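Below: one structure, written as structure tokens.
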Amino acid sequence: MDPAWLEQPALLIPLAAVLGLLVGSFLNVVILRLPRRLEHDWRAQALDILGNAPVETDPPPPDLVFHGSHCVHCKHALTPLENIPLLSYLFLGGRCRYCKAHISWQYPLVELLSALACAIVAWKFGFGWPLLAGLAFTWILIAASGIDARTQLLPDQLTLPLLWLGLLLSLIPVFVGPSEAILGAAIGWTSLWLVFWLFKWFTGKEGMGYGDFKLLGALGAWMGATALLPVILLSSLVGALVGGIALFVGGKDRSTPIPFGPFIAMAGWVWFVFGTELSLLYERWFLIGH
Ligand SMILES: [Zn+2]
């Protein structure tokens with residue numbers, strides 16, 4: 001394949017968007033099925049450790065790749081035509097063709113988000129290693145955010161590969177060199193770990209999960225330690241804003257935990273793509289003004 005034609009943004013960006021739609025459809029499956037499979041495995045392990053004979057456990061939930069999609073209400077298997085990202089949802093009017101149950105808006109939302117993010121990454125990086133790496137970065141962050149938002153769980157199965165991928169890419173290097181990546185991973189993990197224990201020490205509560213440390217460590221591996229402070233500031237800002245709105249609109253009780261992972265992921269992605277522009281903007285606003 002000659003990459004020359006792929007270097008045309010007019011081709012590359014729509015291509016990335018379509019790829020984003022298709023992968024977004026798979027990310028929906030990951031978001032829905034991965035936590036259920038993990039919980040099933042954990043239950044089996046817990047029973048094993050307790051020495052209980054494995055009581056009539058439920059059959060394992062469907063795997064990520066080989067089980068086709070079906071309606072979650074009536075279990076009707078979807079034909080390929082009913083499984084086209086975004087379009088099927090629009091044509092079916094957001095309802096199952098068989099039982100007319102509402103299809104969760106999560107599906108088109110994740111597909112659109114993935115398509116949009118992939119188009120932006122293609123526009124930003126052009127064709128090459130940074131684009132391929134950036135797409136993987138985007139997809140892992142969307143899957144992790146979706147799972148955290150639904151289940152308050154950031155699975156190691158996503159955060160740790162993201163960390164390793166960041167460290168490996170630093171060997172080429174694609175974004176930052178090895179020493180920046182290693183320091184970024186270590187400082188990212190440790191800083192939230194410290195916040196976690198200080199918070200717990202003072203308030204007796206757990207303000208975040210261990211997955212959050214791993215996620216910030218992974219972001220540090222991709223972008224180096226200098227990105228950590230802006231990412232944390234951005235994620236706190238968005239988190240406080242969304243938390244405030246949730247409190248105001250839903251009248252949510254203050255102790256209701258809001259998963260922090262999606263905000264770290266969102267801030268990390270924004271800094272990954274627009275970090276240079278944002279730091280320039282910051283300098284212009286705050287430094288040149290004096
Ligand atoms: Zn149905």
Query raised in the report: Cβ-Cβ below 9 Å, separation at least six or inter-chain, first residue in the range 60-76 and at pLDDT 80 or above and of a type in the set (A, V, I, L, M), second open to solvent by less than 90 Å² (accessible area, probe 1.4 Å) and within 11 Å of the ligand (Cβ to nearest atom): which pairs?
Result: VAL72/CYS96; VAL72/ALA101; VAL72/ILE103
Query raised in the report: Residues in the range 63-104 that are open to solvent by 80 Å² or more (accessible area, probe 1.4 Å), outside any loop (DSSP other than H, G, I, E, B) and either of a type in the set (A, V, I, L, M, F, W, C) or near the ligand (Cβ under 8 Å from one of its atoms) (or both): how many?
Result: 4
Requested in this report: Could you please give the count of residues in the range 30-46 that are among the aliphatic types (A, V, I, L, M), open to solvent by 30 Å² or more (accessible area, probe 1.4 Å) and closer than 29 Å to SER88 by Cβ?
Outcome: 1
Query - Number of the condition not met by SER191 [criteria: (1) open to solvent by less than 60 Å² (accessible area, probe 1.4 Å); (2) polar (S, T, N, Q); (3) over 19 Å from the mean Cα position of the chain (by Cα); (4) closer than 22 Å to THR276 by Cα] - result: (4)
Report task. Any residue in the range 165-179 that's part of a loop (DSSP other than H, G, I, E, B): show its pairings with residues that are of a type in the set (D, E, K, R) at Cβ separation under 6 Å, as long as the two are six or more apart or on different chains. Result -> none
Query raised in the report: What residue, among those in the range 194-223 that are more than 19 Å from the chain's Cα centre (by Cα) and not in a helix (DSSP H, G or I), is surrounded by the fewest Cβ atoms within 10 Å (Cβ to Cβ)?
Result: GLY204
Requested in this report: Show the residue pairs that are 6+ apart or on different chains and have beta-carbon atoms under 8 Å apart, the first residue being within the range 100-111 and under 20 Å from TRP139 (Cβ atoms), the second being open to solvent by 50 Å² or more (accessible area, probe 1.4 Å) and away from the ligand (no atom under 16 Å from the Cβ).
Outcome: PRO108/LEU90
Query - Sole exception among (1) within 16 Å of the ligand (Cβ to nearest atom); (2) among the aromatic types (Phe, Trp, Tyr); (3) in the same structural domain as LEU167 (by TED's automatic domain parsing) for TYR107, by number - result: (3)
Query raised in the report: Does PHE137 fit the bill of being open to solvent by less than 50 Å² (accessible area, probe 1.4 Å) and away from the ligand (no atom under 16 Å from the Cβ)?
Result: yes
Report task. Determine whether LYS124 is open to solvent by 40 Å² or more (accessible area, probe 1.4 Å) and in contact (Cβ under 8 Å) with a residue 60 or more places away in the chain. Result -> yes
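The values are calculated or read from the model by the stated rules, or taken from the named source; none is laboratory data. As the structure is a prediction and not an experimental result, all values here were calculated from the model. Ideal geometry is used to build each Cβ from the backbone, glycine not excepted, and the neighbour counts take in all protein chains shown. Remember, those area values only see protein heavy atoms, side chains included, never the ligands or the DNA or RNA. Shrake-Rupley method; radii C 1.70, N 1.55, O 1.52, S 1.80 Å.
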